[in-house]
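Novice: Let me begin by handing over the structure; questions about it come next.
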Amino acid sequence: MEICILDEFLDRDTRKLSGGQKQRLLLAIALINNPEVVFLDEPTTGLDPQSRRNLWTQVKKIKADNKTLVLTTHYMEEAYELCDEIIIIDRGEIISQGNPKTLLADHFDNSVITLPAASLPEDFQPDTASSLHPQDGQMEILIKDIDATIRHLVEQQISLNQLQVRSPTLEDLFLELTGHHLRT
């Protein structure tokens, strides 16, 4: 009860607990017999950001106690934050496995620039080492040379007001390995 911060809810009807409180209760129940291996299946689905981060803290404490955690999640940020080893499965087959940072380093040597798609000319091509991925009114540009790409954008008189630069994520890796299109 203490590990999962449930002391104040000891006398409360479980039907009246919030989603985050219920997840903490389920985690406490999973830990009652002090198991060596703990399985967590989508533990933060439907939680608000505060409850999700709180559950992450609890999971990190369990890991610090040398417990083995098996976590299934569709949230790539969560996998990156909590997992020492990741297995990416597509159509029932393991397609990639490893430490999150190592997986990213092995698959990407570039950065991602995001701009509103409407700000780019239809025939825009940043350079031969790049690729374009339209997504929700934005254009994601995978690039090797940030400076050269930004110079190219400025030369083309493309506004940089909403420009975002980031490193590739596990979500990018998942999409790269499994495809960008929704399957039936």
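The values are calculated or read from the model by the stated rules, or taken from the named source; none is laboratory data. Worth saying up front: this structure is predicted, and the values here are computed from it rather than measured. For neighbour counting, all protein chains shown are included, and Cβ atoms are generated from backbone atoms with ideal geometry for every residue, glycine included. Ligands, DNA and RNA are stripped out before the accessible areas are found, and what is left, the full protein with its side chains, is counted by its heavy atoms. Shrake-Rupley method; radii C 1.70, N 1.55, O 1.52, S 1.80 Å.
Novice: Considering region 49-69 alone, what residues qualify as being within 19 Å of Glu171 (Cα to Cα) and surrounded by fewer than 12 Cβ atoms within 10 Å (Cβ to Cβ)?
Specialist: Once the filter is applied, which keeps residues that are within 19 Å of Glu171 (Cα to Cα) and surrounded by fewer than 12 Cβ atoms within 10 Å (Cβ to Cβ), region 49-69 yields only Pro49.
Novice: Tally the residues that are touching an Asp or Glu at 6+ places or on another chain (Cβ under 7 Å) and either open to solvent by 90 Å² or more (accessible area, probe 1.4 Å) or assigned to a helix (DSSP H, G or I) (or both), restricting the search to region 100-123.
Specialist: Qualifying residue count for the region: 1.
Novice: A further question follows. In region 1-11, what residues are surrounded by 13 or more Cβ atoms within 10 Å (Cβ to Cβ) and either in a helix (DSSP H, G or I) or touching a residue at least 60 places away in the same chain (Cβ under 8 Å) (or both)?
Specialist: Result: Phe9, single match.
Novice: When only residues in region 12-48 that are without any contact (Cβ under 8 Å) to a residue 24 or more places away in the chain and among the hydrophobic types (A, V, I, L, M, F, W, C) count, which is least open to solvent (accessible area, probe 1.4 Å)?
Specialist: Top of the filtered list is Leu17.
Novice: Please tell me if Gln97 is open to solvent by 80 Å² or more (accessible area, probe 1.4 Å) and in a loop (DSSP other than H, G, I, E, B).
Specialist: Here the answer is no, as Gln97 does not meet what is asked.
Novice: Could you check how many residues of region 143-184 are assigned to a loop (DSSP other than H, G, I, E, B), closer than 30 Å to Ile87 by Cβ and either touching a His at 6+ places or on another chain (Cβ under 8 Å) or modelled with pLDDT of 90 or more (or both)?
Specialist: Count: 4.
Novice: Under 6 Å between Cβ atoms, which residue pairs at least 6 apart in sequence (or on different chains) link something in region 124-142 that is assigned to a loop (DSSP other than H, G, I, E, B) with a partner that is of a type in the set (S, T, N, Q) and modelled with pLDDT of 85 or more?
Specialist: Pro126/Thr149
Novice: Select from region 13-66 the residues that are assigned to a loop (DSSP other than H, G, I, E, B) and small (Gly, Ala, Ser) and write down the one among them that is farthest from Glu77 (Cα to Cα). Working first, answer last.
Specialist: First pass over region 13-66, keeping only residues assigned to a loop (DSSP other than H, G, I, E, B): 13, 17-18, 32-36, 42-48, 65-66.
Okay, now just the ones that are also small (Gly, Ala, Ser), so 18, 46.
Values: Ser18: 23, Gly46: 15 Å.
It comes out as Ser18.
Novice: For Ala148, indicate whether it is touching a residue at least 12 places away in the same chain (Cβ under 8 Å) and open to solvent by 30 Å² or more (accessible area, probe 1.4 Å).
Specialist: yes
Novice: Could you identify the single residue in Glu171, Glu155 that is surrounded by fewer than 11 Cβ atoms within 10 Å (Cβ to Cβ) and either touching a residue at least 24 places away in the same chain (Cβ under 8 Å) or over 30 Å from Ala28 (Cβ atoms) (or both)? Don't jump to the end; show me each part of the working.
Specialist: Working: Glu171 fails: surrounded by fewer than 11 Cβ atoms within 10 Å (Cβ to Cβ).
Testing whether each residue is surrounded by fewer than 11 Cβ atoms within 10 Å (Cβ to Cβ) and either touching a residue at least 24 places away in the same chain (Cβ under 8 Å) or over 30 Å from Ala28 (Cβ atoms) (or both) leaves just Glu155.
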